Amino acid sequence: MTKAQSAAALVPIKYGWRGMGPSGLAVVRGWLTEPHVARRWPNPQIALRSITQHLSEPAIERFILTIDGRDASYLQVYDPHHAPPPAADEQTSDHPYRGQRGIDLFIGEARLIIRGHASRLIRRILEHLFEGGIPRVVTDPDPANARSIAALHRARFRCDGQRDTAWGHVLLMRCDNLKQTISP
């Protein structure tokens, strides 16, 4: 390792995010065509249409995640219970999962995968959500997506079983805010 490489390794990496509006769709459109993204989000046109529709959905927040100020990743944070619950008693404020959030994300550029960025970005987002009082964050990767699952484990997610959904077979994962106690 040269002195320049050694010095660069000592500089801390800055992870951040900004809200995504319509102007962010161009960068997301490009990322959706990347082979490593298309493996998990296989139809870029349908994915982009869905993300575009989410721009007007108040229960879904969209973000562009950054690494050292450069656009790196797409993230959506949503209320998994934003649809009215089927039973009237589930609408009470003591519902055990009230306030939890779900996340979906992908790293946009292939050069940024397999470098530990995903787990660090996820941890940064978890810190932000937990500081805001969110009791639990959930996600549901494809069980065959070993890289994503490994990154989520490194970010303190744990497996909660598998199930079939409208989007396919998924691995349910969760990360609890350890400063709060909630029922499973």
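Write out, first by first residue and then by second, each pair whose Cβ atoms fall under 7 Å of each other, whose residues are 6+ apart or on separate chains, and whose first residue, in the stretch 116-131, is at negative phi and without any contact (Cβ under 8 Å) to a residue 24 or more places away in the chain while the second is surrounded by fewer than 16 Cβ atoms within 10 Å (Cβ to Cβ) and not in a helix (DSSP H, G or I). Pairs that qualify, where the first residue is at negative phi and without any contact (Cβ under 8 Å) to a residue 24 or more places away in the chain and the partner is surrounded by fewer than 16 Cβ atoms within 10 Å (Cβ to Cβ) and not in a helix (DSSP H, G or I): there are none.
If we scan the stretch 125-143, do we find a residue that is surrounded by 17 or more Cβ atoms within 10 Å (Cβ to Cβ), closer than 17 Å to Ile13 by Cα and hydrophobic (A, V, I, L, M, F, W, C)? Yes, the stretch 125-143 contains a residue that is surrounded by 17 or more Cβ atoms within 10 Å (Cβ to Cβ), closer than 17 Å to Ile13 by Cα and hydrophobic (A, V, I, L, M, F, W, C). Evaluating Ile114 against the criteria (1) surrounded by 16 or more Cβ atoms within 10 Å (Cβ to Cβ); (2) not in a strand (DSSP E or B) leaves one unmet condition, (1). For the stretch 24-82, a tally of residues being assigned to a strand (DSSP E or B), more than 19 Å from Ser148 (Cβ to Cβ) and out of contact with any Gly (no Cβ under 8 Å at 6 or more places or on another chain) returns 2.
Laboratory data are not the source of any read-out in this text; all were calculated from the coordinates shown. Treat the numbers as computed from the prediction; the structure is a model and nothing was measured. All Cβ positions, glycine included, derive from the backbone under ideal geometry; neighbour counts span all protein chains shown.
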